[in-house]
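Structure, as structure tokens:
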Amino acid sequence: MTTVQIDTQQRRRLANAIRFLAIDGVQAANSGHPGAPMGMADIAEVLWRNHLHHNPANPHWANRDRFVLSNGHGSMLIYAL
């Protein structure tokens with residue numbers, strides 16, 4: 001895993017992109033709760049960028065980390081990521 005240093009402004013933009021993707025998903029499904037994904041976007045951005053080992057080019061990689069979100073109302077966060 002490579003950690004890329006980014007500034008606060010870019011982190012804010014990434015978290016806002018997650019928020020907007022979650023809102024768009026809820027709107028498109030005409031169902032869901034945007035509150036949890038909006039509130040958790042900053043945390044998710046830091047986890048995905050700095051702590052979780054994953055490879056989008058190889059989603060079946062056996063050694064990837066798993067993120068379990070047990071809050072069903074926040075499931076749109078996973079889709080937004």
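Each reported figure results from applying straightforward, stated rules to the coordinates on display, with no laboratory input. All values derive from a computational prediction rather than experimental measurement. Glycine also receives a Cβ, built like all others from the backbone with ideal geometry; neighbour counts cover every protein chain displayed.
Descriptive notes on the structure:
- Residues located in region 46-73, provided they are more than 24 Å from T8 (Cα to Cα) and outside any loop (DSSP other than H, G, I, E, B): G72, H73
- Qualifying position, being in contact with a Phe, Trp or Tyr (Cβ under 7 Å, 6 or more places away or on another chain) and either under 16 Å from L21 (Cβ atoms) or loosely packed, with under 15 Cβ neighbours inside 10 Å (or both), among L52, L81: L81
- Output for region 30-45, where each listed residue is of a type outside the set (V, I, T) and either touching a residue at least 12 places away in the same chain (Cβ under 8 Å) or within 12 Å of L14 (Cα to Cα) (or both): G32, H33, P34, G35, A36, P37, M38, M40, A41, D42, A44, E45
- Top-ranked residue in region 5-43 [being within 17 Å of the chain's Cα centre (by Cα) and not in a helix (DSSP H, G or I); ranked as farthest from S75 (Cα to Cα)]: I6
- Residues that are surrounded by fewer than 16 Cβ atoms within 10 Å (Cβ to Cβ), over 10 Å from A80 (Cβ atoms), among the charged types (D, E, K, R) and in contact with a helix residue (DSSP H, G or I) (Cβ under 9 Å, 6 or more places away or on another chain), drawn from region 1-42: R11, R12
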